[in-house]
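A.B. asks: Have a look at this one before I ask anything.
The values are calculated or read from the model by the stated rules, or taken from the named source; none is laboratory data. Here the structure is a predicted model, which is why all the values come from computation and not from measurement. To get the accessible areas, we keep the full protein, side chains included, count just its heavy atoms, and leave off ligands, DNA and RNA. Shrake-Rupley method; radii C 1.70, N 1.55, O 1.52, S 1.80 Å.
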Amino acid sequence: MAGDRSSTWTVRGIARAMLPLLAVLTVVEVGSGLVLDTFENQLLRYPALLVLVPVIIGTAGNLGSILAARLSTAFHLGTLSFAPDDDRLLGNAVATVALALTTFPAVGASAWLVTLVVGGTELGFGTVVLVATLSGAVLAVLAVVVTLVATYAAYRLQLDPDDVVIPVVTNVCDVLGVLVLFGVVRVLV
């Protein structure tokens, strides 16, 4: 990172970089809540979907955060390349999607089981697992794109990706998680 690090590693330097970003991300999160509110009737009709919402968006944010941490480390080591043919970058992106494809089916199965134990489920086991898996696959790809864009933007703006990328990724994945989940639900349910 260009510039004198001693000026950026102060409370004032970090606050100057983060406060505008956090203000924008707060508005993004409010938007996510408003979108989620429009699907209230469907959530109440299918409780398994209600169980899926926080887990889907949390897991997508976690996957993006793992990738962001790996990219940030590569950035600080000076080994990060944004070239499309960079094996390290491609490998991390593929690993993120592969992790999603193994995690989200378990998320769907768990959501269905929790719903069954608590009060019965209106949706079949296969439907809930398919909704979770398809949502997770789409979100993993989107999380990779958001993480790459946020890391590149931090690099270009000479910001420390350790400070900015994970908050951006988790907040954007919250919004995308709600949109993708209910897009998949509209197609499959």
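A.B. asks: Send over the semi-axes of the stretch 100-144's equivalent ellipsoid, whole angstrom and largest first, taken as the square roots of 5 times the C-alpha gyration tensor eigenvalues.
C.D. replies: 22, 9, 7
A.B. asks: Can you pull the accessible area of Leu49 for me, 1.4 Å probe, Å² to the nearest 10?
C.D. replies: Here the accessible area works out near 0 Å².
A.B. asks: Another question, if that's okay. Expressed as a fraction of 2.2 N^0.38 Å, the rule-of-thumb size for a compact globular protein of N residues, what is the C-alpha radius of gyration of the chain?
C.D. replies: 1.14
A.B. asks: Right, something else. Students sometimes get this wrong: rank Asp87, Asp163 by accessible area, probe 1.4 Å, all chains present, largest first.
C.D. replies: The ranking, largest first, comes out as Asp87, Asp163.
A.B. asks: While we're on this one: Hey, what number do you get for the chain at 222 nm if only DSSP H runs of n ≥ 4 count, each worth -39500 (n - 2.57), divided across all residues, to the nearest 500?
C.D. replies: It lands at -30000 deg cm²/dmol.
A.B. asks: Please report, as a whole percent, how much of the solvent-accessible surface of the chain comes from carbon and sulfur atoms (probe radius 1.4 Å).
C.D. replies: 68 percent
A.B. asks: With every protein chain present, what accessible area does Phe125 have (1.4 Å probe, heavy atoms only), rounded to the nearest 10 Å²?
C.D. replies: Taking all protein chains as shown, Phe125 has close to 100 Å².
A.B. asks: Under the rule of at least 5 residues apart or a separate chain, name every residue whose amide H is placed under 5 Å from the amide H of Leu80.
C.D. replies: Here Phe75 satisfy the definition.
A.B. asks: Considering only protein heavy atoms, what per residue accessible area in square angstrom results for the chain with a 1.4 angstrom probe?
C.D. replies: It amounts to 52 Å² per residue over the chain.
A.B. asks: Give me the log10 of I(q) over I(0) for the stretch 53-105 at q = 0.14 Å⁻¹, as the Debye formula computes it from C-alpha points; what are the numbers?
C.D. replies: At q = 0.14 Å⁻¹ the computed log10 ratios are -0.40.
A.B. asks: Report the full-extension gain for the segment Asp87 to Phe125: residue separation times 0.36 nm, less the Cα-Cα distance, to one decimal in nm.
C.D. replies: So the chain would gain 9.9 nm between Asp87 and Phe125.
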